[in-house]
Amino acid sequence: MAEIVLGIGTSHTPLLSLPAALWPAYAEGDRRNSELVYPPHGLTMPYSEALAYVSPAIRERMGDQSTFDRQAAACQHALDVLSDTLRSAKADVTVIISDDQDEWFYEDNMPAFAVYWGETAPVRPRTMPATGRASEVGLAIRRGYGEEALDVPVASGFGRFVIEYLMDHDFDVAHLRYVRESYGGDVGRRYPTRSGELDYVRHTAPHEQGLPHGYSFVIKRLLHNEPQGSILPILQNTCYPPNQVSPRRCYALGRALAAAIAAWPEPARVAVVASGGLSHFVVDEELDRMILGGLERKDGEALQAIPRCRLYSAASESMNWITAGGVLQDTPLQMELVDYVPVYRSPAGTGGGWAFARWQ
């Protein structure tokens, strides 16, 4: 019988790969971001409109360089704590729960839930701009998500067992054994606006396929490119309607994953990592604290009741943590919030609530 020995929750924003001096350069992209969704009603609006929408208190939260320096140091310290904790656990299997953002899945095939159970999983360096200021930012991001080509061992037999267990317990999950070497595609962002729905489709050109960044970040930053044992990637479509997952369904999947782990007949130490979130591309501290509070209290009802309108665009990655909450609900492990760092990088409230937690 397998045993869950550790839980980890971590943000994986590109800011965590950038020195604080480059945070303002990265923030310039917020002015062109079409996917800014604002609380409390979940409305998408352009940056120029958001400047008038947010309260004066939010506009005044924008950090200066000294603030960014302190925040970056706090985030890196928290990541060091999580890395030391995860590596010290010596897990036989590290289950990584995250989402895909125009990396493996497009609108030719967009599963709500999927499990990858190939023998190995590829980590491939990301393609970044070659010249100019953007290249400096891009190269730092490339380093953060893995600049070394790797093939990471996957707990393939365990993965098949989990898939079959989920299928027998009312979860119709997709499965992957491999990805094609090079492909791309389109994904529409069907988020609410004041006048209906966002009409924006992002096209990704064909590219060499490696693990989505939510997984490669864990391998690079937390495991130092040296996974102990093997990994099992669990993929959730948190971001993209119309088959976007829900807090209730994610929590139920977590409970089912916990049962599958307990039913695995071989002895194994299992760590569970939630990668992504919390709120971004727009900071929503109220949402973040609702989720963190529910996880600390092991309040499953509160986690399942998180309003869907707070979970459009990238803030939806918070559901990876809700799934992990379901996995860890009945274990003796208790959550410790290592740090929560809300970063406001523009007067329009753009940025994110970066969170780092462990269950021991």
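The values are calculated or read from the model by the stated rules, or taken from the named source; none is laboratory data. Note that this is a predicted model, so its numbers are computed, not measured. Positions of Cβ are generated from backbone atoms using ideal geometry, with glycine treated the same way; all protein chains shown enter the neighbour counts.
On the given criteria, is VAL273 touching a strand residue (DSSP E or B) at 6+ places or on another chain (Cβ under 9 Å), assigned to a strand (DSSP E or B) and surrounded by 15 or more Cβ atoms within 10 Å (Cβ to Cβ)? Even if it seems obvious, please write down each step before you answer.
Values: touching a strand residue (DSSP E or B) at 6+ places or on another chain (Cβ under 9 Å): yes; assigned to a strand (DSSP E or B): yes; surrounded by 15 or more Cβ atoms within 10 Å (Cβ to Cβ): yes.
The answer is yes for VAL273.
Could you please find all residues in region 36-72 being in a helix (DSSP H, G or I), touching a residue at least 24 places away in the same chain (Cβ under 8 Å) and small (Gly, Ala, Ser)?
Passing the criteria: ALA50, ALA72.
Quick check: anything in region 104-112 assigned to a strand (DSSP E or B), at pLDDT 95 or above and touching a Pro at 6+ places or on another chain (Cβ under 6 Å)?
Initially, region 104-112 is screened for residues assigned to a strand (DSSP E or B), giving 106, 109.
When the remaining residues are screened for being at pLDDT 95 or above, the result is 106, 109.
Narrowing further to those that are touching a Pro at 6+ places or on another chain (Cβ under 6 Å): none.
No, that holds for no residue.
Against the conditions (1) small (Gly, Ala, Ser); (2) surrounded by 24 or more Cβ atoms within 10 Å (Cβ to Cβ); (3) in a helix (DSSP H, G or I), where does GLY293 fall short? Just the number, please.
Among (1) small (Gly, Ala, Ser); (2) surrounded by 24 or more Cβ atoms within 10 Å (Cβ to Cβ); (3) in a helix (DSSP H, G or I), the lone unmet condition for GLY293 is (2).
For the subset of region 82-110 comprising residues that are over 25 Å from SER316 (Cα atoms) and of a type in the set (Val, Ile, Thr), which member is surrounded by the fewest Cβ atoms within 10 Å (Cβ to Cβ)?
Checking each candidate, the answer is THR85.
Of all residues in region 165-186, which are part of a loop (DSSP other than H, G, I, E, B), hydrophobic (A, V, I, L, M, F, W, C) and over 30 Å from ARG126 (Cα atoms)?
PHE171
Determine whether region 201-213 contains at least one residue that is among the acidic types (Asp, Glu), under 30 Å from LEU79 (Cβ atoms) and part of a strand (DSSP E or B).
Taking every residue of region 201-213 in turn, at least one turns out to be among the acidic types (Asp, Glu), under 30 Å from LEU79 (Cβ atoms) and part of a strand (DSSP E or B).
Name the pairs whose Cβ atoms lie under 6 Å apart, with the first residue in region 198-225 and hydroxyl-bearing (Ser, Thr, Tyr), the second part of a helix (DSSP H, G or I) and surrounded by 14 or more Cβ atoms within 10 Å (Cβ to Cβ), and 6 or more positions between them or separate chains?
Partner pairs satisfying both residue conditions: SER216/TYR145.
Among the residues of region 346-354, are any buried (at least 20 other Cβ atoms within 10 Å of the Cβ), polar (S, T, N, Q) and part of a strand (DSSP E or B)?
Yes, region 346-354 contains a residue that is buried (at least 20 other Cβ atoms within 10 Å of the Cβ), polar (S, T, N, Q) and part of a strand (DSSP E or B).
So is SER313 at positive phi and either free of Cβ contacts under 8 Å to residues at least 24 places away in the same chain or polar (S, T, N, Q) (or both) or not?
yes
Here is a check on your reading of the model: is GLU136 assigned by TED's automatic domain parsing to the domain that holds LEU235 and of a type outside the set (S, T, N, Q)? Give the steps one after another, and end with the answer.
Numbers: assigned by TED's automatic domain parsing to the domain that holds LEU235: no; of a type outside the set (S, T, N, Q): yes.
So GLU136 fails the test.
I need every pair where a residue in region 142-165 that is under 11 Å from TYR116 (Cα atoms) and modelled with pLDDT under 95 has its Cβ under 7 Å from the Cβ of a residue that is of a type in the set (S, T, N, Q) and surrounded by 18 or more Cβ atoms within 10 Å (Cβ to Cβ), sequence separation at least 6 or different chains.
none
What number of residues in region 300-317 are loosely packed, with under 15 Cβ neighbours inside 10 Å and not in a helix (DSSP H, G or I)?
The qualifying residues number 2.
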